[in-house]
Every structure is written in C-alpha cells, then in structure tokens.
Amino acid sequence: MNLIRNYRNWRRYRETVTELSRLSNRELNDLGINRGDIPFVARKSV
C-alpha cells in the first residue's frame, strides 16, 4: 500500500508542477507564486 500511495503522491506532485509551469509569470504573480517556488508549492499539495 505504501508503494501505491507514494506513486500517487508523486503523480500529483508532477501534475501540479506541470500545471503551474504552464502559467505565465503574470498569472503566477496573481496567485502569489514565483516561478522558483513552484516545486515548493507542489510539494505542499501532496
């Protein structure tokens, strides 16, 4: 079960990074996120 949970968490992390990376700098700024903060924000989503 732990392996499945880890895989799902990793996929959720990657999907979040991908979605946030597609946003423009202006859109990220509107959300209060810097481009360099994307991995940190994605980790919090897991």
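Read the figures in this text as sums done on the coordinates, not as results from a lab. What you see is a predicted model, and the numbers here were worked out from it, not measured in a lab. As a convention, Cβ positions derive from the backbone with ideal geometry for all residues, glycine included, and neighbour counts pool all protein chains shown.
Could you look through region 1-22, keep only residues that are under 8 Å from the mean Cα position of the chain (by Cα) and of a type in the set (Ser, Thr, Tyr), and pick out the one that is surrounded by the most Cβ atoms within 10 Å (Cβ to Cβ)? First the steps, then the outcome.
Step one: filter region 1-22 for residues under 8 Å from the mean Cα position of the chain (by Cα), giving 12-20.
Now restrict to residues that are of a type in the set (Ser, Thr, Tyr): 13, 16, 18.
Details: Tyr13: 16, Thr16: 18, Thr18: 11.
Checked region 1-22; the qualifying residue surrounded by the most Cβ atoms within 10 Å (Cβ to Cβ) is Thr16.
Quick check on my filter: what residues within region 1-16 are under 11 Å from Ala42 (Cβ atoms) and not basic (Lys, Arg)? Working first, answer last.
First pass over region 1-16, keeping only residues under 11 Å from Ala42 (Cβ atoms): 9-10, 12-16.
Within region 1-16, Asn9, Trp10, Tyr13, Glu15, Thr16 meet the criteria.
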